[in-house]
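Engineer: Here it is: the structure, laid out below.
Here, each number is a calculation from the coordinates, and none is a lab measurement. Since the model is a prediction, treat every value here as computed from it, not as a measurement. Here the Cβ is made from the backbone with ideal geometry for all residues, glycine too, and neighbour counts use every protein chain on show.
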Amino acid sequence: MQSLKNKYAMVIDTKLCIGCGDCVVACKVENQVPDGLHRDWVVEETTGVFPHLEMEIRSERCNHCDNPPCVSSCPTGASFIDKNSNITLVNSSKCTGCKACVASCPYDARFVMPEGYISKCTFCQHRTVKGELPACANTCPTHCIHFGNLNNPFSTVSRLLRSRKYKALVTEAGTGPNVYYLL
Amino acid sequence: MKEITITTNKLNHLIDPSLHIWGWEIPVYLFLGGLAAGALLIAALAIVYEQKKKLPSAYSQLAIVAPVGLSIGMVALFLDLEYKLHVFRFYTTFQITSPMSWGSWILMLFYPFSIILTLGTLKEGWPKLYKVVAPLPVVKQLIPFCQKNLKQFAYYSIPVATSLGIYTGILLSAFVARPFWNSAIIAPIFLVSGISTALALNLFFSKKPEEQNFLTKMDLIAILFEVILIALLIIGMMTGGTQKAEALGLIMGGAYTTHFWIFFMGIGIMLPLILEIMELKGFKVSHYLTATLVLFGGLIFRFIMVNAGQVSTWVNY
């Protein structure tokens, strides 16, 4: 049964991504992420033995999991799931900086802010509530980052996942990631 | 085969290249928490079974280790918090799915019991300290109450101390993201290790040869249990799929092999085990040496577990 909540997801086309890092810059500017810290990052993975190589480039971030261990491990309720969607957020006024959520994330998507509380990707919730795209998706020069609601069968992300082959990262950990990579 | 993986624009502080969010504070806290749990458990058992004559130091001297050890441990825990001003947030909520939330409430439950058992036995165990604290305003009324209800509170202390000992292990084992920790058997290992270190510490207080002999015997049993549980942990990881096998590699040829096998299993487990057997066979062995080795083993075990667990991961970049 589909829940009435929005199930936001990102679908990222690894065939289009050129690893320019604009998503990282856009995020840092939009969210004013301090020096040396990043909410998203680019992985360039080369597989095989020379000269038979293949490369995959992925823009990675928090997966806004269906079953987020960062929320269940948080001792104070500072880590929480948004009321109307699957977006996991941090309430900095409740955060003690115990770092249980950092340890619990299989994607290592969380980090400690200089002030001491934990921060991470929010799928740019402050933009998406206004109907805008997250900063990374908005900026991407190859338009390889798609954002939308998987509970809406007509959204771009739903159509892409129906029509293309895809994978998600570390699904074996059982957290139900919502960032998909088109292959 | 992965030829090369380049991750650009990450290198977050404490997260990359490998997770290192918990420094010395957490292992020290887990060690002292286990020690405190073991101390309260042993003291409570000695009181419940009325072993005042046979085990005078376990009965009346060990309980004080619980509040003192835990307090030092909690200072270490506090130092680890990145947002120290928000420490009160642990106590404005209860999160049923979070082991750390359970732990913070167990600690609050542990304190009163450990203090009652300490005050109830202070007169016999630490007479000099008793003379100092007994005339203090609140303590003056508390001490007769504690002495009168000692046995009853000792009963309640058994589950409380056991849950603290177990919690120190669950704190690590509940993280699916860290394959080296993600084994439920870590909880009983930490409990048994805590009991073993508390018995060792008790040897420092004990003056009576009969009691020393009993404590050595009990510690021998605890260490044997620990060895069995650690063997089970390793077997579980060996047979547990790629992630577990890779995590096990950290102590099987990986970066923590020497620490684990020589310093922990060798000097912290096997050497005291042999020394204790020799002592019980009648050889003259300093039980201070044995006890020191056991305590060292317990501490380095927490360090290895916390550090190796942080290195183990699902994504190798």
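Engineer: How many residues are surrounded by 21 or more Cβ atoms within 10 Å (Cβ to Cβ) and touching a Phe, Trp or Tyr at 6+ places or on another chain (Cβ under 9 Å) if we restrict to segment B:30-56?
Structural biologist: Of the residues in segment B:30-56, 12 are surrounded by 21 or more Cβ atoms within 10 Å (Cβ to Cβ) and touching a Phe, Trp or Tyr at 6+ places or on another chain (Cβ under 9 Å).
Engineer: Before we move on, is A:Tyr181 surrounded by 13 or more Cβ atoms within 10 Å (Cβ to Cβ) and over 12 Å from the mean Cα position of the chain (by Cα)?
Structural biologist: No: the conditions fail for A:Tyr181.
Engineer: While we're here: So, restricting to helices (runs of 4 or more DSSP H) that lie completely within segment B:1-119, which ones have at least 1 residues that are within 14 Å of another protein chain (Cβ to nearest Cβ)?
Structural biologist: Qualifying helices (runs of 4 or more DSSP H): B:25-48, B:65-80.
Engineer: Take the conditions surrounded by fewer than 17 Cβ atoms within 10 Å (Cβ to Cβ), in a helix (DSSP H, G or I) and of a type in the set (Ser, Thr, Tyr) and apply them to B:Tyr156. Does it pass?
Structural biologist: Yes; evaluated as a whole, the condition is true for this residue.
Engineer: What helices (runs of 4 or more DSSP H) lie completely within segment B:174-252 and have 2 or more residues being within 14 Å of another protein chain (Cβ to nearest Cβ) and not small (Gly, Ala, Ser)?
Structural biologist: B:241-248
Engineer: Restricting attention to segment B:273-292, which residues are under 18 Å from the mean Cα position of the chain (by Cα) and surrounded by fewer than 21 Cβ atoms within 10 Å (Cβ to Cβ)?
Structural biologist: The answer is B:Thr292, and nothing else.
Engineer: Checking the structure you have, find out if any residue of segment B:145-152 is touching a residue at least 60 places away in the same chain (Cβ under 8 Å) and more than 30 Å from B:Val311 (Cα to Cα).
Structural biologist: Taking every residue of segment B:145-152 in turn, at least one turns out to be touching a residue at least 60 places away in the same chain (Cβ under 8 Å) and more than 30 Å from B:Val311 (Cα to Cα).
Engineer: Would you pick out the residues in segment B:185-230 that are among the small types (Gly, Ala, Ser) and within 22 Å of B:Lys281 (Cβ to Cβ)?
Structural biologist: Within segment B:185-230, B:Ser196, B:Ala200, B:Ser206, B:Ala222 qualify.
Engineer: Return the total of residues in segment A:38-76 being surrounded by fewer than 19 Cβ atoms within 10 Å (Cβ to Cβ), touching a residue at least 24 places away in the same chain (Cβ under 8 Å) and in a loop (DSSP other than H, G, I, E, B).
Structural biologist: 2
Engineer: Go through segment B:297-315 and give me each residue that's facing chain A (nearest Cβ under 10 Å) and over 12 Å from B:Trp22 (Cα atoms).
Structural biologist: B:Thr313, B:Trp314, B:Val315
Engineer: Report whether or not B:Val75 is without any contact (Cβ under 8 Å) to a residue 60 or more places away in the chain and over 15 Å from the mean Cα position of the chain (by Cα).
Structural biologist: The answer is yes for B:Val75.
Engineer: Inspect all residues belonging to segment A:55-69 and state whether any of them is hydroxyl-bearing (Ser, Thr, Tyr) and either over 18 Å from the mean Cα position of the chain (by Cα) or at the interface with chain B (Cβ under 7 Å from one of its Cβ atoms) (or both).
Structural biologist: Among the residues of segment A:55-69, not one is hydroxyl-bearing (Ser, Thr, Tyr) and either over 18 Å from the mean Cα position of the chain (by Cα) or at the interface with chain B (Cβ under 7 Å from one of its Cβ atoms) (or both), which makes the answer no.
Engineer: Quick test for you: out of A:Phe147, A:Phe111, pick the one residue that is under 18 Å from the mean Cα position of the chain (by Cα), more than 24 Å from B:Thr313 (Cβ to Cβ) and touching a residue at least 24 places away in the same chain (Cβ under 8 Å).
Structural biologist: Being under 18 Å from the mean Cα position of the chain (by Cα), more than 24 Å from B:Thr313 (Cβ to Cβ) and touching a residue at least 24 places away in the same chain (Cβ under 8 Å) holds for just one of A:Phe147, A:Phe111, which is A:Phe147.
Engineer: Consider segment A:77-101. How many of its residues are free of Cβ contacts under 8 Å to residues at least 24 places away in the same chain and facing chain B (nearest Cβ under 8 Å)?
Structural biologist: Summing the residues that are free of Cβ contacts under 8 Å to residues at least 24 places away in the same chain and facing chain B (nearest Cβ under 8 Å) in segment A:77-101 gives 8.
Engineer: Check segment A:114-124 and report whether any residue there is out of contact with any strand residue (DSSP E or B) (no Cβ under 9 Å at 6 or more places or on another chain) and more than 8 Å from chain B (Cβ to nearest Cβ).
Structural biologist: Yes - at least one qualifying residue is present in segment A:114-124.
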